[in-house]
Amino acid sequence: MTRLPLFALILAGSAAAMPAAAQQSVDAEKINQVIVYGNDKCEQSSPDEIVVCNRLPETERYRVPPMLRGNPLDVRNEAWANKVVALERVGRFGTDSCSPTGLGGFTGCTQALVAGAKAERKAADKTDWQAMIADERAKRIAGIDAAADEVEAAVVAEERALAERQKAAEELERQASGQAPAPAAPHESDAADLPVPPKN
């Protein structure tokens with residue numbers, strides 16, 4: 001009997017726990033992030049794909065991306081915050097310091113690499129794709145709601161017209177057969193007051 005690893009069992013359980021509709025919606029929704037320049041047309045979103053466009057000026061079309069312009073190793077291009085951090089690290093040694101000095105100085109190198117990668121990623125791209133995707137998703141939901149309201153109004157109008165046509169057809173049948181029209185239900189204002197019981 002073969003045993004599955006623990007993480008395989010956890011993944012299988014979490015996939016089974018998700019409802020089928022949620023799995024389909026996650027698989028079906030595609031997001032296309034496009035950079036357009038100047039007055040270029042942004043593609044419209046389709047029912048199975050969300051298209052989000054980041055518009056840049058026409059002057060940026062054939063230019064080298066900003067992060068690759070100039071000499072990145074030039075001291076003049078270094079931010080003051082990075083210089084301050086470098087000064088703070090002077091004299092740090094020991095555990096979690098990522099220095100060759102002291103016992104356990106190597107233990108902080110992974111944290112330093114991760115922090116540096118996060119800072120680079122944050123400084124590299126100023127486009128907030130998540131917010132743009134959320135806005136496009138909200139527009140799509142608003143459009144779906146508006147379309148549903150229009151369909152519901154059309155259905156109600158059609159039902160009302162059908163009821164009026166049926167009523168008119170019944171009236172024509174009665175007139176053709178010579179029957180008297182059906183008595184209308186008495187209105188509440190035509191009803192007489194109930195008698196008051198005598199007091200003993």
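The values are calculated or read from the model by the stated rules, or taken from the named source; none is laboratory data. Everything quoted here is computed from the prediction, not taken from an experiment. Glycine gets a Cβ as well: all are built from the backbone with ideal geometry, and neighbour counts include every protein chain shown. Accessible surface is based on the protein model in full, side chains and every heavy atom, while ligands, DNA and RNA are left aside. Shrake-Rupley method; radii C 1.70, N 1.55, O 1.52, S 1.80 Å.
Annotation: amide H of SER45 within the under-5 Å range of VAL51, sequence separation 5 or more or interchain, hydrogens built in the peptide plane. For segment 33-165, the per residue solvent-accessible surface stands at 81 Å², with DNA, RNA and ligands left out and a 1.4 Å probe.
In terms of solvent-accessible area of protein heavy atoms at a 1.4 angstrom probe, what is the ranking of SER177, SER99, highest value first?
Details: SER177 75, SER99 20 Å².
Result of the area sort, largest leading: SER177, SER99.
All other residues whose Cβ lies under 12 angstrom from that of ASN32 are scored, Lys and Arg at +1 and Asp and Glu at -1, for a net of -4.
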